[in-house]
Amino acid sequence: MTILRDYEVVSGQKVNMGKSSISFEPSMLPTIRGKIVHIGDARAKVEERIRGWKGKLLSEAGREVMIKSVVGAIPNFVMNRFKLPVGIIDALNSLMAKFFWASSYKERGWRVATNQASLLAKLLNGRYYRRSSFLHAKLGTNPSFGWRSLLEGRKILKRGVRWRVGNGKRIDIWKDPWIPRLTELDTRGMEVEGLHKVSQLIQEGNWHESLIGELFEEEDAKRILAIPLSRHHYPSKLVWDHTNSGIYLISSDTNARET
């Protein structure tokens, strides 16, 4: 341990004990040494297998079977005779939880984002984002496992979700994704006091061209002015950019990951 501490001081690097293991030679049997090394590789092995499954459409039961097969792949000899480092245990739990819940929680996240009248959306709004929206909500204090999982699934949703402009009253000009082919709006020096909603950029059913020209870069302004506006003042709605229907589907995740 003294040697390791000296190494940290000299190199400026710190050894992560939770992910470290040690073997002694030459007295230690090669078979035992090999199993200790295997413990250290456990996370990498599990992560590699899970990565290979993500493209497959699996039910919760199917994901459970897959998870059990991974855990079973870690030799029982090692699990029964060695205490796994806390860091590896936490990492394995996290990997398993993300894989098991990711698909279902992305779907639930989509429903929360698009149906604010649902009971789940109202409950979450009351606890986690009273002055915000699901897309911009923070983790908060003492979050539940379900909320953590929803935010994990939201990472994918945010890559492919976009507002379809109706009357613009629900869309935040500066924070929400609403301009086609623009994933993130550069708002440095652009935000104007009192100007928050897209509805404020609409005048008598048409885009307020002069105001938009003053606020946005030329290319961004062109994209905005090309967005069709409804004469019926329909409410704005969230759509999924990677399906023709505008509805989120698990099978369209790949397109979102590649953007």
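In table form, for the structure just shown:
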item: Verdict on N80 being modelled with pLDDT under 70, more than 12 Å from the chain's Cα centre (by Cα) and among the polar types (S, T, N, Q); result: yes
item: Residues of segment 159-170 classified as more than 21 Å from the chain's Cα centre (by Cα) and either over 8 Å from K197 (Cβ atoms) or not basic (K, R) (or both), total; result: 5
item: Pairs, first without any contact (Cβ under 8 Å) to a residue 24 or more places away in the chain in segment 137-159, second hydroxyl-bearing (S, T, Y), C-beta under 6 Å, six or more apart; result: A137/Y128; A137/Y129; G140/Y128
item: Which listed residue, of R154, R108, R49, is of a type outside the set (G, A, S), surrounded by 17 or more Cβ atoms within 10 Å (Cβ to Cβ), part of a helix (DSSP H, G or I) and at pLDDT below 85; result: R108
item: Any hit, segment 196-207, residues being of a type in the set (K, R) and either more than 16 Å from R170 (Cα to Cα) or outside the structural domain of I171 (by TED's automatic domain parsing) (or both); result: no
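The values are calculated or read from the model by the stated rules, or taken from the named source; none is laboratory data. Small disclaimer: the values here were computed from a predicted structure and weren't measured. No Cβ is skipped: glycine too gets one built from the backbone with ideal geometry, and neighbour counts run over all protein chains shown.
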